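Notes for the one structure printed next.
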């Protein structure tokens, strides 16, 4: 049976990585559910059937990284070269691997690491590798969706997966990101568990998050996390969000009634974190990423070459 499974893992990996077929295509061809394809691809990496190596020295991205660092005052920019026609999921996997490689260089004993939600964060957690550092803790940076978001993109799933990979402790959250009313938020935050989490947000060593864009608001993930009218009256101002804090093209925070209901780390506390790592790519998110850079919400950026070039076209 093990031989049969290994053969299937190799076949799926070959179709995905060498033949550039997406998971839906593979699912139809092999008559296997898409979620199973995703699980088997992950297993093929874990068992060493597929290994991903990134040689940045040969990539020609060094100058882009330095320009990003100098232009936006970053501690570190990591630009991953990818072919333009590579599937988005594959790009995010490469970004996840690059984020892990950097994370391994900054991890120290006793660090607390915070994670946000979404596809990019799911890939980061999947690509994390074991570390010899002791007494690490993984925590969520924000509450969860209202029970509708696919499980692998949920902040608790990502936090728990990361803690397993890093052999660390994990604290999860049992509150939604946006309770229905301000009063409900206040009641939830009176809970001692949530108060303890607030204190952990103040002690964060590393924050890892994606970047949202209103240009993606028609995507399934956006709709499952936010209400359809989340940007009502703000559409012309908002270019992006970081951990559900919305901002304009200059990176200035745009206040709204949502702020009163949000359960998550504040922007003030986020900006105090020593390492603020944003993992994001795609031409649709260029304005959002540039705004986040201008707002100093991150000091480490992990992105693709095409995205980096587009960001730098308009500084």
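Results, tabulated for the structure shown:
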quantity: Which listed residue, of 267, 301, is free of Cβ contacts under 8 Å to residues at least 60 places away in the same chain and within 19 Å of the chain's Cα centre (by Cα); calculated: 267
quantity: Qualifying residues in the stretch 136-154 (those that are modelled with pLDDT of 95 or more and farther than 23 Å from residue 261 by Cβ) - the one surrounded by the fewest Cβ atoms within 10 Å (Cβ to Cβ); calculated: 137
quantity: Positions within the stretch 197-216 being farther than 16 Å from residue 279 by Cβ and in contact with a strand residue (DSSP E or B) (Cβ under 8 Å, 6 or more places away or on another chain), in sequence order; calculated: 197, 200, 201, 203, 204, 205, 214
quantity: Matching entry among 131, 159 (being in contact (Cβ under 8 Å) with a residue 12 or more places away in the chain and not in a loop (DSSP other than H, G, I, E, B)); calculated: 159
quantity: Whichever residue in the stretch 28-38 is modelled with pLDDT of 85 or more and farther than 20 Å from residue 91 by Cβ and, among such residues, is surrounded by the fewest Cβ atoms within 10 Å (Cβ to Cβ); calculated: 31
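Every residue, every condition in (1) within 22 Å of residue 75 (Cα to Cα); (2) surrounded by fewer than 22 Cβ atoms within 10 Å (Cβ to Cβ); (3) in contact with a helix residue (DSSP H, G or I) (Cβ under 9 Å, 6 or more places away or on another chain); (4) assigned by TED's automatic domain parsing to the domain that holds residue 176, yes or no:
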| site | (1), (2), (3), (4) |
| --- | --- |
| 256 | no, yes, no, yes |
| 271 | yes, yes, no, yes |
| 275 | yes, yes, yes, yes |
| 287 | yes, yes, yes, yes |
| 292 | yes, no, no, yes |
| 303 | yes, no, yes, yes |
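Here is a yes/no grid of residues against (1) over 30 Å from residue 135 (Cβ atoms); (2) assigned by TED's automatic domain parsing to the domain that holds residue 170; (3) outside any loop (DSSP other than H, G, I, E, B); (4) at pLDDT 95 or above:
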residue: 187; (1), (2), (3), (4): yes, yes, yes, no
residue: 207; (1), (2), (3), (4): no, yes, yes, yes
residue: 221; (1), (2), (3), (4): yes, yes, yes, no
residue: 228; (1), (2), (3), (4): yes, yes, no, no
residue: 233; (1), (2), (3), (4): yes, yes, no, no
residue: 241; (1), (2), (3), (4): yes, yes, yes, no
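The values are calculated or read from the model by the stated rules, or taken from the named source; none is laboratory data. Quick caveat, the model's predicted, so the values are computed rather than measured. Here Cβ is always computed from backbone atoms with ideal geometry, including for glycine, and neighbour counts include all displayed protein chains.
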